[in-house]
Amino acid sequence: MYTKLSAVYPGSFDPPTNGHLDIITRASKLFPKIIVSVTDNSVKKHMFSLQERVDLLKEASKDLPNVEVASFSGLLADYLEKIDTFVLIRGLRALSDFEYEFQMALMNRKLNKNIETIFLLPDQSNTFLSSSMVKEIAALGGKTKDFVPECVEKKLHDQR
Ligand code: ADP
């Protein structure tokens, strides 16, 4: 274990993909506790409800004992203050993620100077994966088996 701090991995996870699981697994080796925190961001229209996304993440990460799944609404900085955890994990796929992630990390730090964001890179095979791509493939009747955990694949299949 490199650090004794816990870390929060926030996101929409609509739905969770192998890319998210890749980051969760890597983070779980670096920190004693990872709190995967699902946002109830009402600006985005979600395919799966908050509870469904929480349940899918719990199922997908059940073999990682130091991973917890929680949810929050409102400002991330306020949530971090509430749970007294200030290390954030985010994933970076490609250069295209950088600008948004960079802005968000700096904005979070502006909102609370204790917030530190750590970026992890997924395996190369997961760099092209996104929840929106998975949803699009599923909507068009394509196979998503190679891109998402088994429980997500089943849920996507049931929705058809
Ligand atoms: P957002 O929080 O912007 O709604 P997501 O829930 O899709 O986005 O993703 C949460 C975090 O996981 C973000 O930091 C995003 O860059 C990262 N992420 C998403 N897909 C992947 C992937 N395939 N590989 C690595 N990181 C990813």
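Read-outs throughout are calculated quantities, based only on the coordinates presented, and are distinct from any laboratory measurement. This is a predicted model, so every value here is computed, not measured. Methodologically, a virtual Cβ is constructed for each residue, glycine included, from the backbone with ideal geometry; neighbour enumeration extends over all protein chains shown.
Close amide H partners of ILE89, meaning residues 5 or more places away or on another chain with modelled amide H under 5 Å apart, are VAL8, TYR9, ILE118. Put simply, the amide H of SER71, placed in the peptide plane, has neighbours under 5 Å in VAL38, leaving out anything fewer than 5 places away on its chain.
The largest-to-smallest principal axis extents of the Cα set in the chain are 46, 33, 30 Å.
Measuring r between the beta carbons of LYS154 and LYS110 and using R0 = 45 Å, the FRET efficiency lands at 0.65. Global dimensions of the range 46-95 from alpha-carbon coordinates: Rg and Dmax equal 13.0, 32 Å. Among VAL54, VAL148, sorting on how many other beta-carbon atoms sit within 10 Å of each Cβ, with the fewest leading, yields VAL54, VAL148. Per-residue Cβ neighbour counts within 10 Å put PHE128, PHE72 in the sequence PHE128, PHE72, beginning with the fewest. For the chain, relative contact order (Cα pairs under 8 Å, six or more residues apart, normalised by length) works out to 29 percent. Couplings 3J(HN,Hα) of the range 5-16, computed from phi: 8, 8, 9, 9, 10, x, x, 7, 6, 10, x, x Hz, in residue order, whole Hz [Karplus 6.51 cos²θ - 1.76 cosθ + 1.60, θ = phi - 60°; x for Gly and Pro].
A straight Cα-to-Cα reach below 17 Å connects LYS155 with the aspartates and glutamates ASP14, GLU52, ASP55, GLU59, GLU136, ASP146, residues fewer than 8 places away in its own chain not being considered. The C-alpha radius of gyration of the range 67-121, expressed as a fraction of 2.2 N^0.38 Å, stands at 1.16. Under a plain spin-label model, where a point goes 7 Å from the Cα along Cα-to-Cβ, how far apart in nm are ASP55 and GLU68? According to this spin-label approximation, the distance is 2.2 nm. The sum of -39500 (n - 2.57) across all DSSP H runs of n ≥ 4, divided by the residue count of the chain, sets its helix-only mean residue ellipticity at 222 nm to -13000 deg cm²/dmol. Peptide packing: for 31-38, 151-158, the average count of neighbouring Cβ atoms within 10 Å per residue gives the ranking 31-38, 151-158, highest mean first. Each label point was placed 7 Å from the Cα along the Cα-to-Cβ direction; for LEU92 and LYS29 their separation is 1.9 nm.
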